[in-house]
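Notes follow the structure.
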Amino acid sequence: MSKSKIVAAALLVAALTAGRAEAFCLFSCEPTADNARSVFENRLKKKFDADAKVVKFDVSRFWRLDVEGAGHHAVEFYFTGSVEFPKGANLDCKPDEAGAVKAGCSTSKYFSTTVSNQEIKDRQYIEPGAKLDFSDETRFDQDPKGWRGQDGNFY
């Protein structure tokens, strides 16, 4: 092999290795069900309790979103999950005997981690030892840095 071919090959390898990881992605480049589970776990721990434990997670649908007009791609995962709360969550939001809660707390029994119009913004009480089922979705938006999950992390 000539010296110029060796130099050209070395420059090509250097350019490829200096590039982003997406440059090497040829198949299965979109977020995975495991990534969706990670987003769910991260949002659970932030919204409810750091000790929450996902005991079941099943993706029911993967959906590519048509956001070409916005200049990027996006995907959504629809899923169900069961979560145990050994310590409960937001214990200071426990309703009183009359069912009233303090300001900043919600009495809603709809539990979600989804960033959408169905998400309960106020803190919700979950009694210690409770096990809740979630039927949710999570979205990933493509970004030059990778796929951004609804937890703010890149996958």
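The slack in the chain from SER82 to ASP143, taken as 0.36 nm per residue of separation less the alpha-carbon distance, amounts to 18.9 nm. Per residue, the range 23-155 exposes 59 Å² of solvent-accessible protein surface, assessed with a 1.4 angstrom probe and all protein chains in place.
Taking all protein chains together, ILE126, ILE120 sort by accessible area into ILE120, ILE126, largest first [probe 1.4 Å]. Under 27 Å of direct C-alpha separation, and excluding same-chain neighbours fewer than eight residues apart, LYS121 reaches these lysines: LYS45, LYS46, LYS47, LYS53, LYS56, LYS87, LYS94, LYS102, LYS109, LYS131.
Once the C-beta distance of VAL55 and LEU91 is scaled by a Förster radius of 22 Å, the resulting FRET efficiency is 0.55 to the nearest 0.05.
For the range 31-149, the share of accessible area belonging to carbon and sulfur comes to 47 percent (1.4 Å probe, ligands and nucleic acids excluded).
The values are calculated or read from the model by the stated rules, or taken from the named source; none is laboratory data. Because the structure is predicted, anything quoted here is derived from the model rather than measured. Cβ: placed from backbone, ideal geometry, glycine included. Neighbour counts: every protein chain shown. Heavy atoms of the whole protein, side chains included, go into the accessibility calculation; ligands, DNA and RNA do not. Shrake-Rupley method; radii C 1.70, N 1.55, O 1.52, S 1.80 Å.
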